[in-house]
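S.K.: Below you will find the structure I want to go over with you.
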Amino acid sequence: MGIDQSHGSMEGKEVRFGSHASAYWSIVTTVISTGSVNSMHDSSMPVSGTMQLLGMMTNAFYGGCGVGILNYYIFIIIAVFISGLMVGRTPEFLGRKIEAREMKIATIIALLHPFLILVGTAISTYVFTKDPSVGWLNNPGYHGFSEMLYENTSSAANNGSGFEGLGDNNWFWNVSTGFILILGRFLPIIGPVAIAGILAKKKYIPESTGTLRTDTGTFGIMTYAVIMILAALAFFPALVLGPLAEYFTLYHPK
Amino acid sequence: MNATQNKSLFQKDLISEALKQSFIKLNPKMMIKNPVMFTVEIGTAVMLIVSIAIMFNNDGSQGSIAYNLVVFLILLLTLLFANFAEAIAEARGKAQAESLRKTREETPAKKIKEQGKTDAENIILVSSSQLRKGDLFYCEAGDIIPTDGEIIEGLATIDESAITGESAPVIREAGGDKSSVTGGTTVLSDRIIVRVTTEPGESFLDKMIALVEGASRQKTPNEIALTILLAGFTLVFIIVCVTLKPFADYANTPITIASLISLFVCLIPTTIGGLLSAIGIAGMDRALRANVITKSGKAVETAGDIDVLLLDKTGTITIGNRKATHFYPAPGIELEGFMASCVFSSFSDETPEGKSIIELAKHLGAKTQPTDEALKDVTFIKFTAETRCSGIDLANGKRIRKGAFDSIAAIARQAGNPFPSETDQKVKEISGNGGTPLVVSENEKIIGVIELQDIIKPGISERFDRLRKMGVKTVMVTGDNPLTAKFIAEKAGVDDFIAEAKPEDKMNYIKNEQKLGKLVAMMGDGTNDAPALAQADVGVAMNSGTQAAKEAGNMVDLDNDPTKLIEIVEIGKQLLITRGTLTTFSIANDVAKYFAIVPALFISSIPALQGLNIMHLHSPESAILSAVIFNAIIIPILIPLALRGVEYKPIGASALLRRNLLIYGLGGVIVPFVGIKLIDLFVGLFF
């Protein structure tokens with residue numbers, strides 16, 4: 001019929017940019033909290049959708065305009081703590097000891113993001129399952145789940161972009177995502193600042209050969225692993241029921 | 001670790017005691033101290049209820065009875081394994097402490113009714129447990145000292161082998177720094193009167209046993225911080241599992257309660273949660289095995305963080321005292337005659353230096369036994385701080401003096417005798433080599449110089465090297481002059497030294513280092529060490545030291561071995577490393593568990609998810625059971641590691657992190673993939 005499919009699925013994508021640039025920007029915008037879109041994310045293939053969601057779920061990329069650097073700092077505190085123990089020293093960061101109070105704050109902040117997203121999505125799926133006539137979803141099923149998951153993730157990560165396809169201009173979504181937005185933006189600011197304050201008051205410990213340096217590749221891998229396990233793995237079951245289920249049914253139908 | 005110690009990790013009687021304790025510890029009141037395992041207990045209770053409910057009314061929605069019962073049993077096993085880890089660590093620590101305490105229980109004591117009177121009427125025989133603080137008791141040759149105390153009268157040689165394992169008897173006497181006696185040790189000679197310093201049940205060993213038993217065991221700051229983090233991880237997974245229920249309802253994939261609880265238990269860090277207290281107890285136990293009594297778990301932990309180590313030169317860096325190594329007679333003096341004079345002058349000299357002079361002369365073939373006639377009518381001149389020399393006036397009028405260079409030089413100068421330039425040269429040479437010159441004069445004429453040298457302990461510089469690699473700075477404390485101190489410091493390889501040290505100097509050095517934010521450890525025995533021991537972050541008092549020193553420090557070394565500090569630092573580091581690596585291992589395990597359980601949860605309703613079942617596990621039930629079984633058995637598998645501690649290697653912090661991250665991080669990701677798959681091959685036969 002003369003149809004050229006070499007560019008992949010172009011449905012919903014901005015024709016001026018093509019699928020590569022659309023996919024590229026969809027990742028950039030979710031990673032650095034820009035929130036602007038150049039294509040409808042709803043129309044992305046499931047794996048692209050997974051990556052967009054993961055970008056916001058991690059929410060610890062510094063350099064963006066959201067709370068990425070602050071969350072990254074929280075994960076560094078946790079990574080410093082675990083790796084400090086692994087080298088046999090009470091953990092210290094920037095010459096200050098990391099103790100119970102800082103760990104408490106860091107743990108709460110690290111918990112907050114999965115808590116807001118998962119609880120928000122749980123409530124919305126519960127409401128929808130109970131009464132599908134609320135009419136939010138045009139495609140119930142895995143894709144509809146992704147839409148609700150994306151909406152909550154985007155709010156918690158203060159991204160601002162939408163997966164779209166979700167009927168979200170109603171009181172339920174406006175109020176629930178509003179709360180998530182406020183909590184997801186301001187608590188992650190209070191926590192790290194509090195930790196900085198506590199650390200600043202502590203005695204400075206000069207660096208010795210026994211001090212664990214935090215500017216090494218090994219420590220980078222450690223931080224990466226902590227982020228992956230804490231931030232990404234907590235969302236694994238949700239991703240499985242959303243985009244991953246969609247992907248496997250599309251490409252590996254049994 | 002060698003094989004014999006390996007074997008003793010699990011002794012039969014310890015195991016049966018620990019097994020009993022594992023069940024007793026299921027009491028929720030005890031479990032709640034460990035938030036991670038407490039949530040597992042709640043999960044186990046829920047599974048018990050679900051299993052019972054299914055027995056009466058099984059509509060099939062929760063899976064088969066067998067499946068539910070097996071999940072319940074495995075969760076119960078997980079709890080028991082974790083309790084067993086703690087119980088076996090406790091049992092081992094207790095057994096170690098009890099064996100030390102056994103020697104001191106119920107020995108008869110000769111209590112003195114009235115101070116100052118030791119006649120038969122005033123001494124009554126009581127049991128050691130009836131002695132109270134402040135009581136006086138009397139001990140003579142052959143008696144076992146009933147309890148800890150301080151000698152207030154007399155002097156005795158005491159066999160402390162029951163406590164220290166050291167067979168050479170020691171001398172303890174009233175007053176001074178060696179006045180303390182320990183219960184359980186035996187008096188070999190003489191008689192002493194001792195004042196009891198501790199109430200029964202409050203001795204250091206009693207305190208240590210209480211620490212191990214958990215009654216008074218408090219979590220250390222680092223343990224608290226780790227517990228918070230682990231509780232955080234647990235909370236994340238509570239959220240994950242609770243929200244999974246509405247998600248699954250939405251996707252029309254009903255999840256059984258058993259599967260949901262299994263997922264939860266597998267994800268939360270049960271491995272480290274179950275082993276955490278065992279690791280802490282094992283740390284104290286390892287210290288006890290090194291014959292060090294710690295007054296708190298925190299002290300062991302702090303030891304791992306030590307930046308500066310203050311070590312006394314004598315006994316730690318050098319063997320005992322200085323020894324004579326050479327005789328250098330002045331020009332025109334025969335070596336034989338010079339040696340004879342030196343020997344004469346040293347006969348009344350009871351100091352180790354004096355004895356070593358006689359030894360060296362004997363070794364070089366000098367006649368060391370002067371006849372009785374020669375020693376008739378002699379006058380011994382004792383060493384005093386003012387004259388700084390000692391000597392002898394012989395019957396034939398010969399006056400021999402030996403002492404510090406300047407004091408002997410002054411004697412010669414006063415008599416108008418010159419100081420030979422060759423000898424002067426020698427004196428400078430000896431000082432420059434870190435030795436101490438002892439100048440000898442006869443009838444106010446310089447006849448030569450004796451070289452005294454410190455003997456540096458073999459292998460000590462390697463130990464300092466190891467400490468340097470750990471990032472610990474070593475400081476030598478000595479009464480020597482700065483020149484000698486510097487030479488010995490360089491030769492032994494310590495980083496810094498305090499020469500001509502007074503007790504205040506130690507204190508000031510510690511304070512200055514602490515101002516810079518460093519943690520300082522020191523060892524001491526005397527009462528004048530007590531303030532410094534209290535000021536130091538880790539103060540190790542020698543058991544032979546005074547009561548004041550023992551009260552001030554936070555550890556007591558039963559062996560009185562000054563190099564023990566080095567071991568203590570390593571024990572502390574090992575404790576933290578074991579915690580860190582097992583935490584990493586525990587969390588890294590989650591990756592494989594996710595891939596085992598999550599596909600299994602949904603596969604029956606979303607068959608396409610088979611693509612996520614990368615381990616090709618047999619069935620959803622077998623996948624979930626394999627993950628839970630792996631999660632349970634990894635705890636007992638790691639108990640030996642938790643008790644023994646992960647080995648510490650002084651290779652620098654970054655290299656150590658890389659090594660441990662590879663072994664316990666990457667290993668923690670890979671091992672469960674293999675383990676779960678292997679278990680599934682077996683479980684798949686039934687489910």
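The values are calculated or read from the model by the stated rules, or taken from the named source; none is laboratory data. Because the structure is predicted, anything quoted here is derived from the model rather than measured. Counting neighbours? That spans all protein chains shown, and the Cβs are built from the backbone with ideal geometry, glycine included. When the accessible area is computed, the model is the full protein with side chains, heavy atoms only, and any ligands, DNA or RNA have been set aside. Shrake-Rupley method; radii C 1.70, N 1.55, O 1.52, S 1.80 Å.
S.K.: What share of the DSSP beta bridges in the protein assembly as shown is antiparallel, in percent to the nearest 5?
M.R.: Bridges in the protein assembly as shown are about 75 percent antiparallel.
S.K.: If one computes the Cα centroid of the range A:200-237 and of the range B:37-84, what distance in Å separates the two points?
M.R.: Going from one Cα centre to the other spans 37 Å.
S.K.: Accessible area per residue for the protein assembly as shown in Å², computed with a 1.4 Å probe and the full protein assembly in place, what is it?
M.R.: 41
S.K.: How long are the three semi-axes of the equivalent ellipsoid for the protein assembly as shown, computed from the Cα gyration tensor as the root of 5 times each eigenvalue, in whole Å, largest first?
M.R.: 72, 33, 21
S.K.: Further question: Ranked by accessible surface with a 1.4 Å probe, highest first, in what order do B:Glu301, B:Glu500 come?
M.R.: Accessible-area ranking of B:Glu301, B:Glu500, largest first: B:Glu500, B:Glu301.
S.K.: Calculated FRET efficiency, A:Phe17 and B:Leu483, Cβ-Cβ r, R0 60 Å, to nearest 0.05?
M.R.: Calculated value: 0.15.
S.K.: With θ set to phi - 60° and the Karplus curve 6.51 cos²θ - 1.76 cosθ + 1.60, what are the ³J(HN,Hα) couplings of the range B:536-542 in order, to the nearest whole Hz, using x for Gly and Pro?
M.R.: 5, 6, 10, x, 9, 9, 7
S.K.: Next question. Apply the a/c threshold of 1.5 to the C-alpha gyration tensor of the range B:536-609 and tell me whether it is rounded, prolate or oblate.
M.R.: Since a/c reaches 1.5 and a/b is larger than b/c, the shape of the range B:536-609 is classed as prolate.
S.K.: Counting only the heavy atoms of the protein chains, how much of A:Tyr62 is accessible to a 1.4 Å probe, in Å² to the nearest 10?
M.R.: Only protein atoms counted, so the area is about 130 Å².
S.K.: Also, quick follow-up: Give me the tail of P(r) for the range B:361-510 as a percent: Cα-Cα pairs with distance above 26 Å.
M.R.: 43
S.K.: Top to bottom by accessible area (1.4 Å), largest first, where do B:Lys29, B:Lys564, B:Lys445 land?
M.R.: Ranked list, largest accessible area first: B:Lys29, B:Lys445, B:Lys564.
S.K.: Can you list the residues of the range B:259-295 whose accessible area drops by at least 40 Å² going from the chain on its own to the full set of protein chains, with a 1.4 Å probe?
M.R.: So the qualifying set is empty.
S.K.: Sorting check: for B:56-66, A:106-116, which peptide has the highest mean count of neighbouring beta carbons within 10 Å, and how do the rest follow?
M.R.: Most protected by this proxy first, the peptides run A:106-116, B:56-66.
S.K.: Okay, next question. Enter the per residue convex hull volume of the range B:433-549, computed from alpha-carbon coordinates, in Å³ rounded to the nearest integer. Don't skip to the end; give the middle numbers.
M.R.: Numbers: hull volume 17.0 nm³, N = 117.
About 145 Å³ per residue, rounded to a whole number.
S.K.: Here's another thing I want to ask about it. When the accessible area of chain A is split by element with a 1.4 Å probe, what percent falls to carbon and sulfur? Write down the numbers at each step before the final one.
M.R.: Numbers: 7260 of 11000 Å².
After summing per-atom areas, the C and S share lands at 66 percent.
S.K.: With the solvent-accessible surface defined on protein heavy atoms using a 1.4 Å probe, which residues belonging to the range B:570-604 display a reduction of at least 20 Å² in accessible area in the multichain context relative to the isolated chain?
M.R.: B:Lys573, B:Leu576, B:Ile577, B:Gly580, B:Thr584, B:Ile587, B:Val591, B:Tyr594, B:Phe595, B:Val598, B:Phe602
S.K.: Taking Cα atoms, how many degrees apart are the long axis of helix B:482-492 and the longest axis of chain B, rounded to 10 and kept between 0 and 90?
M.R.: In chain B, helix B:482-492 runs at an angle near 40 degrees to the longest axis.
S.K.: List the accessible area buried at the contact between A and B, summed over both sides and calculated with a 1.4 Å probe, in Å² to the nearest 100. Display every interim value, and only then the final one.
M.R.: Details: alone 13610 and 30430 Å², together 38810 Å².
Separately minus together, A and B give about 5200 Å² buried.
S.K.: Can I ask one more? Please compute the modelled spin-label separation between B:His616 and B:Phe56, points set 7 Å along Cα→Cβ, answer in nm with one decimal.
M.R.: 4.5
S.K.: If you average 1/r over every pair of different alpha-carbon atoms in the range A:68-251 and take one over that average, what Kirkwood value in Å do you get?
M.R.: This gives a value of 18.3 Å.
S.K.: Another question, then. Quick one: angle between helix B:564-602 and the longest Cα principal axis of chain B, in degrees between 0 and 90, rounded to 10, please.
M.R.: For helix B:564-602, the angle is close to 10 degrees.
S.K.: Give me the angle, in degrees from 0 to 90, between the Cα long axis of helix A:171-201 and the longest principal axis of the Cα atoms of chain A, rounded to the nearest 10.
M.R.: Long axis of A:171-201 versus the principal axis of chain A: about 20 degrees.
S.K.: On to the next question. Where the centroid of each part is defined by its Cα atoms, how far is the range A:112-148 from the range B:258-288 in Å?
M.R.: For the range A:112-148 versus the range B:258-288, the Cα centre distance is 36 Å.
S.K.: A further question follows. Strictly over 28 Å apart at the Cα level, which of B:Lys362/B:Lys564; A:Lys203/B:Lys33; A:Lys203/B:Lys298; A:Lys201/B:Lys486; B:Lys298/B:Lys491; B:Lys110/B:Lys564 would you flag in this model?
M.R.: Table pairs above 28 Å Cα-Cα are B:Lys362/B:Lys564; A:Lys203/B:Lys33; A:Lys201/B:Lys486; B:Lys298/B:Lys491; B:Lys110/B:Lys564.
S.K.: Note the direction-averaged projected area, equal to a quarter of the hull surface, for the Cα convex hull of the range B:625-687, in nm².
M.R.: 4.8
S.K.: Sticking with this one: Which of A:Met56, A:Met228, A:Met148 moves the most in a Gaussian network model of chain A with Cα springs under 10 Å?
M.R.: A:Met228
S.K.: Give me the percent of the accessible area of chain B that comes from carbon and sulfur atoms, probe 1.4 Å, all protein chains in place.
M.R.: Numbers: 16100 of 27810 Å².
About 58 percent, which is the carbon plus sulfur part of the accessible surface.
S.K.: Also, I was wondering about something else. Would you check the accessible area of B:Glu429, probe 1.4 Å, heavy atoms only, in square angstrom rounded to 10?
M.R.: B:Glu429 exposes around 90 Å² with every protein chain in place.
S.K.: With the alpha-carbon atoms as the only input, what is the per residue convex hull volume for the range A:45-113 in Å³?
M.R.: Looking at the range A:45-113, the number lands at 108 Å³ per residue.
S.K.: If you average 1/r over every pair of different alpha-carbon atoms in the range A:123-168 and take one over that average, what Kirkwood value in Å do you get?
M.R.: 10.7
S.K.: Also, I was wondering about something else. Give me the Kirkwood hydrodynamic radius of chain B in Å, from all C-alpha pairs, to one decimal place?
M.R.: 29.9
S.K.: Using a 1.4 angstrom probe on protein heavy atoms only, which residues from the range A:96-134 are buried by at least 20 Å² of accessible area when all chains are present rather than their own chain alone?
M.R.: So the qualifying set is A:Lys97, A:Ala100, A:Met103, A:Lys104, A:Thr107, A:Leu111, A:Phe115, A:Leu118, A:Ala122, A:Thr125, A:Thr129.
S.K.: Roughly how large, in nm² to one decimal, is the mean projection of the convex hull of the alpha-carbon atoms in the range B:564-687?
M.R.: Quarter of the Cα hull surface area: 8.4 nm².
S.K.: Please average, across the residues of B:666-673, the number of beta carbons from any other chain that are within 10 Å of each residue's own beta carbon, and give a whole number.
M.R.: Details: counts 2, 0, 1, 2, 0, 0, 0, 0.
The shielding value for this peptide is 1.
S.K.: Obtain the nm distance between the two label points defined at B:Leu662 and B:Ala95 by a simple spin-label model: each point lies 7 Å from its Cα along the Cα-to-C-beta direction.
M.R.: Result for the modelled spin labels: 3.6 nm.
S.K.: Just to make sure I understand: if all protein chains stay in place, what is the order of B:Arg401, A:Arg16 by accessible area at 1.4 Å, largest first?
M.R.: A:Arg16, B:Arg401
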